[in-house]
Structure formats: structure tokens, C-alpha cells
Amino acid sequence: MQKDSSKHTYFMQMAIDLAAANLKNGSGGPFGAVIVKNGVVVGKGSNQVTSTNDPTAHAEVVAIRDACKNLHTYQLEDCEVYASCEPCPMCLGAIYWSRAKKLYFAADREDAAEAGFDDSYIYQQVPLMPEKRDINSVQLMKPQAVKVFKQWIESEQKIKY
């Protein structure tokens, strides 16, 4: 494989190229991502929100799903994520849940906001208590849900993640 800095440039360019190609094919927004393990691309994704009518089909999520399918695992502990833009809160959460070891990104959230993809509102909402968020959140049936968690804790069949 190439020297470390050229390796990063290579994979980041691949993510940026996926974003640019997405503009041409009209599948979604101008975002691309690749997942790399031991110097090999194991997952790719571009934004598919509008073509799939799926608000979660961001480039990073699509790439994570692709990598997990290709690697037959639900965790990407030894993988690196290359994203054409700083991930939104949802994608950042998915990257954390995937256990990827490192994230590289090109454009930042301010660049995305200038292009009409402003996620600052979500960043402001996340730290608020549920009752303070703009989306009306009502907690219901907590004891019944906690009972299921207790069953999970006691289960010998669970697969921890």
C-alpha cells in the first residue's frame, strides 16, 4: 500500500468521487463514504435519501451497511471511515455504534450548511431533555419496556454488542 498520507488521500478522493458521481446520477445529496480495513475498501456508500425515500440512507450509513454485509459482522472495530463531509449527528452515532477505529472527513458541517444541509438544529436538540425538544416526546409504558431489558440481562441467548 502507499505511504500513509497518500493512502489517506487515495481513500478520501474515493469518497469525494462517490459524492460527485451522486450529483450526476441524481440518487441523492452530494455525499460519499468508504470503509477501509487493513488498506482494503470493504464498504462504499453515497447518499440515497431521495432515490430510496429513506431519510436514514446517508452515505456513511449506506457504507456501514455495505461493509457489515461484506464482512459478515455488525461491528467494524478494525475499520476506518472516509467521508466526503463531516458526518451529521445520525451518521456520527452510526459510526460510534459500528465501533470503527477512526474517522476522516473532508468538508465540515459549515460547508454542508452553506450547501443547504444544515444540521446545527439537530446538534442543538440532542443535548436537551426529551420534554424540551421541539419534537413532542412523551414517555409511555416504561415498566413494560424495562421488563424486556431485564429479560435481556438474564438471557443466555443474547449476543452483546
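The values are calculated or read from the model by the stated rules, or taken from the named source; none is laboratory data. Small disclaimer: the values here were computed from a predicted structure and weren't measured. Heads up, the Cβs are rebuilt from the backbone with ideal geometry, glycines too, and the neighbour counts pull from every protein chain shown. Only protein heavy atoms, including side chains, enter the accessible area calculation; ligands, DNA and RNA are left aside. Shrake-Rupley method; radii C 1.70, N 1.55, O 1.52, S 1.80 Å.
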| said: Nearest 10 degrees is fine. How inclined is helix 4-25 to the longest principal axis of the chain, computing both from alpha carbons? | reply: 80 degrees
| task | State, to one decimal in nm², a quarter of the convex hull surface area for the C-alpha atoms of the stretch 1-91, i.e. the direction-averaged projected area. | result | 5.8 nm²
| query | Calculated from DSSP H runs of 4 or more alone, at -39500 (n - 2.57) each and per residue, what is the 222 nm mean residue ellipticity of the chain, nearest 500? | reply | -13500 deg cm²/dmol
| said: I'd like the antiparallel share, as a percent to the nearest 5, of DSSP beta bridges with both residues in the chain. | reply: 70 percent
| said: For the stretch 70-161, what does the relative contact order come out to in percent, with C-alpha contacts under 8 Å and a separation of six or more? | reply: 22 percent
| field | Packing rank of 129-140, 15-26, where each peptide gets the mean count of other beta carbons within 10 Å, highest leading | value | 15-26, 129-140
| remark: Rounded to a whole %, the carbon-and-sulfur portion of the accessible area of the chain at a 1.4 Å probe is 56 percent
| field | Separation of the Thr9 and Gln144 label points, Cα + 7 Å toward Cβ, nm | value | 5.9 nm
| field | Accessible heavy-atom area order of Ile122, Ile95, highest first, probe of 1.4 Å | value | Ile122, Ile95
| note | To the nearest Å², the heavy-atom accessible area per residue of the chain with 1.4 Å probe amounts to 67 Å²
| Accessible area, 1.4 Å probe, largest first: how do Met14, Met141, Met90 sort? | Met141, Met90, Met14
| Magnitude of the charge dipole, the chain, Cβ model with Lys/Arg +1 and Asp/Glu -1, debye to 20 | 680 debye
| request: Show me 143-151, 105-113, 60-68 ranked by packing, highest mean number of other Cβ atoms within 10 Å first. | output: 60-68, 105-113, 143-151
| said: Rounded to two decimal places and with Rh computed the Kirkwood way over Cα pairs, what is Rg over Rh for the chain? | reply: 1.04
